[in-house]
Every structure is written in structure tokens, then in C-alpha cells.
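Have a look at the structure below before the remarks.
The values are calculated or read from the model by the stated rules, or taken from the named source; none is laboratory data. Being a predicted model, the structure only gives us computed values, none of them experimental. Here the Cβ is made from the backbone with ideal geometry for all residues, glycine too, and neighbour counts use every protein chain on show. Heavy atoms of the whole protein, side chains included, go into the accessibility calculation; ligands, DNA and RNA do not. Shrake-Rupley method; radii C 1.70, N 1.55, O 1.52, S 1.80 Å.
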Amino acid sequence: MTDPAYSQLTAEQLDAEVLADFRELSRFGETPRGGVDREAMTAPDVEQRGWLTAWLTERGFRVECDRVGNQFGLYTWTPGAPYVLLGSHLDSQPLGGKFDGAYGVLAAAQAAWRLVRRFEESGHTPRHNIAVVNWFNEEGSRFQPSMMGSSVYTGKMDADAALKTVDLTGVSVAEALEAGGALGTGDGPEAAAYAEIHIEQGRHLDEEGVTIGLVEATWAAQKYHLIVTGDQSHTGSTVISDRHDALLGASHLVVAAREIADRFGPDMHTSVGQMVIEPNSPVVVAREVRLHLDMRSPDESLVAQADALLHERIAEIEELASVRIEKDTAHSWGLLPYDPRGVELSREVAEELGLSHRDIMTIAGHDSTNVKDVVPSVMLFVPSVDGVSHNEGEYTTDADLCAGVDLFTGVAARLVGGALD
């Protein structure tokens, strides 16, 4: 494709490219209330993957998928050299926001394209190649666990186990990927470093009027898959004392999760985010409820204490509701820092650009939570207005979106030059 010389583009023109492409990306799965609904490998997700493939291919990137559907756009200056990966995820929660994840993929594509043009114009060949990545099933709403694609890429989850995972309708990951044309081969490119930019999904930056969050660590998290087993019976005729109500037991678990959060204060977040009730009939006492419960804290010892308390409450609830509760740890991670060199590198770029910044922790999990454990990684935030996320009202201003891409480009330039080698 023909473009004006990169050095001749103004800041306003570069910003316009970002915003135009983000508006186009936001069309896929758009909801009437301004959000998006595009769970992993549903039709809107397949369509936006096609859009990203076309966007990258037109600009000289080679696009491929690995064996679990991670989508890579590769630009190779030096055959055989590893890649600096830039990215996030395009899948969303049901009735979710259009910024979560998708902004990070778009920012990665824009930053990589800026660098390609810059190096073409200068004739300079950087130390590392560059790749844009759209990680598969980061959200974990259709297939559990979350961050599935990056978990397989980093060796934290077996690929075959991921491919055999089924959604609530019985469709497997392998079947969904094959139907969507995203079932590739191999393990993906070798990474020299990784960088991700994301909306904060919290209110610190917005309330403080700070443009960039330099992520120094992630909160520890423990996620559980709980199965409450009772006995199916008639809601009208069955004597109350004879009932083994799985939904009653599950309801007590929901309350217990909130009580644990209240007990430990603001440094403990808990929730129950999904229930599947069987047989889910208005005149039948539930025989089984499957649910997901998670606990997060910046203090690993609090997570351990909360876990012990949850075990106590499970035993009490089993007796109280006359049910049986099975507990599996579905997904967990500890309080581990990001590479401090990456934090300082990002701080230097922010100061060069005159962008306000602060160190911050991430409460939510991101693909970088996995990747940082295998290669040097950088995680960055831009503000979320009022901290809203996983909601159609999710919003980040145009100015912050564009500032984030500027910063991300500067960080990526240093990474392909080998700054974290």
C-alpha cells in the first residue's frame, strides 16, 4: 500500500489513524448500548480476526495462528531472530466494553506499523523482529480458564487440555477454532520480550488525573470451580426438612464470598461470577449448581487466610443446606512483580513524552500475567473513566487512547533494540 513518508506525518495524522482504526474495530459485535459482544470464536470474534488479518497483511506482516488459535502478525527484519511481541486480546465478555483488550491489540498494531515505517525510512535494522499478537480466549467467559491462549504459549497449560475444553453447549475449543479458521499449528514465534497496554479497569488513574500507569506487580488471585450437589425434587410438595437444595447451598457460597471480602477489607476482592443450575426449572428443587468463585488481594497471606476460611464455610454450608460441595482450583497466580527494568524503561519514555505517570498494581489478570514469567515483559495502563469495565459503559478518552499508543511505540522501539536483553 502507498503511504506518505512516515517522517512527514503530523501527530494529529497519527492520532487520526489510531482513532479511525479503533472505530472500525469497535463495529464487530457492537451492541445498541455502545459496547461489544464477541466471546471467543463466536461470529463477531471470527469477523474481527479477519479484519486484523487483512489490516496486518496489507502492511507487510505475515499472519499465522498457533495450535490454540493465538493470532500473530509477524514482521521479520532478520530471519531467525526472535520477536518482540506486542498485544492483548480481542475477545470480550458478553455485553462487554469495547476497550478491554481490543485497545491493546489495536495499540500494538499501530505501534508496530509506526516502527516498520520508521525503520524503512531510516534504513536501520533493529536487533529483534516485531510481532502483533491477539491472544485466544483471554476473557474465559466462553471457555474456562481465562488467559487460555497465553497459558498454553507459556507452557502453563497443556495444549491438548485446552483444545478439549468445552463451552456450556458442549462445543470444544478445537471445534470452535476449526470452524472459525483459526486452528493453526506450532507453538508461535520465539519471544525476546513482551509488552501490553490496557485500560486500567479501575479508577486510580482517572481520579488522580494521571495518563499512564506503570504496572509493577499483579494482585494474587485464587479462582475456584465449585460443584454443589443436592437432590432434585418438587418445589411445592417436598417437605422443607427433606430437601437437598443445591441452589440454597450455592446461595450460601455467594454470601460467604462477600462476607470474606468484608472481613478482610479493601485489600480483598471476592465474587461469584457464573452459575449453571440443573435442571433450572421453576418447579424443581435444583439437583446441581456449578459456579465460579474468585478471591484476589495484593497480600498473598490474605489469600491463604481467605482460602482457609472458605474451606471452613464450605463444611458449614454442606451441613446447613444438606448438600455436597466439590472444590477445584480452576486458576491461580501469585503476587509476582513485573521486570523492574521494564517499569523504568517505560517511565523514561513517559517522561520524554511529557506524560504524567505513576506506579500501579493490576488487580485483574492479563496475558502479561503469564508471559512475564517466561520473558521480560512490560505492562502499561491508560485510564478507565470511573473505573467501569466488563460493562457496555466502559470508556477511555480519545486523548488517553492516543497518548497510550505514543508511549507504547516508544517502549516497543526500545525493546526491538534489545533494551531488556
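Here are the numbers for the structure shown:
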{"quantity": "Cα-based Kirkwood hydrodynamic radius, segment 162-295, one decimal, Å", "calculated": "19.4 Å"}
{"quantity": "Under-22-angstrom lysine pairs by C-alpha in the chain, whenever the two are 8 or more apart or on separate chains", "calculated": "8"}
{"quantity": "Segment 204-317, relative contact order in percent, only Cα pairs under 8 angstrom and at least six apart counted", "calculated": "35 percent"}
{"quantity": "Gyration tensor (alpha-carbon) shape descriptor, segment 230-357, a/c threshold 1.5", "calculated": "prolate"}
{"quantity": "Calculated FRET value between residue 276 and residue 348, using beta carbons and R₀ = 60 Å, to 0.05", "calculated": "0.80"}
{"quantity": "Whole-number D in µm² s⁻¹ for segment 91-233, Kirkwood Cα-pair radius fed into Stokes-Einstein, 37 °C, 0.692 mPa s", "calculated": "178 µm²/s"}
{"quantity": "Degrees, to the nearest 10: 398-416 long Cα axis against longest axis of the chain", "calculated": "70 degrees"}
{"quantity": "Local electrostatic count, residue 50, Cβ distance below 15 Å [Lys/Arg +1, Asp/Glu -1]", "calculated": "-4"}
{"quantity": "FRET efficiency, 1/(1 + (r/R0)^6) with R0 41 Å, evaluated for residue 311 and residue 47 via beta carbons", "calculated": "0.40"}
{"quantity": "FRET efficiency, 1/(1 + (r/R0)^6) with R0 56 Å, evaluated for residue 124 and residue 227 via beta carbons", "calculated": "0.45"}
{"quantity": "Fluctuation leader among 241, 151, 141 - the chain, Gaussian network, Cα springs under 10 angstrom", "calculated": "241"}
{"quantity": "Check: segment 295-361 dipole with +1 on Lys, Arg Cβ and -1 on Asp, Glu Cβ, in debye", "calculated": "120 debye"}
{"quantity": "Cα extents of segment 178-256 along the three principal axes, largest first (Å)", "calculated": "63, 45, 22"}
{"quantity": "Carbon/sulfur fraction of accessible area - the chain, other protein chains in place, 1.4 Å, %", "calculated": "50 percent"}
{"quantity": "Given charges at beta-carbon only (K, R positive; D, E negative), |dipole| of the chain in Debye", "calculated": "500 debye"}
{"quantity": "Gain in span if fully extended, residue 341 to residue 239, counting 0.36 nm per residue against the direct Cα distance", "calculated": "30.3 nm"}
{"quantity": "Ellipticity estimate at 222 nm from DSSP helix runs (n ≥ 4, -39,500 (n - 2.57)) divided over the chain, nearest 500", "calculated": "-11500 deg cm²/dmol"}
{"quantity": "Additional length obtainable on full extension of the chain from residue 11 to residue 78, 0.36 nm per residue less Cα span", "calculated": "21.2 nm"}
{"quantity": "Cα long-axis angle, helix 11-25 against the chain (0 to 90 degrees, to the nearest 10)", "calculated": "40 degrees"}
{"quantity": "Using alpha-carbon coordinates, inclination of helix 102-122 to the longest axis of the chain, degrees", "calculated": "20 degrees"}
{"quantity": "Net charge of neighbours whose Cβ lies under 14 Å from the Cβ of residue 12, counting Lys and Arg as +1 and Asp and Glu as -1", "calculated": "-4"}
{"quantity": "Evaluated over segment 1-130, the Cα radius of gyration and Dmax, each in Å", "calculated": "15.5, 47"}
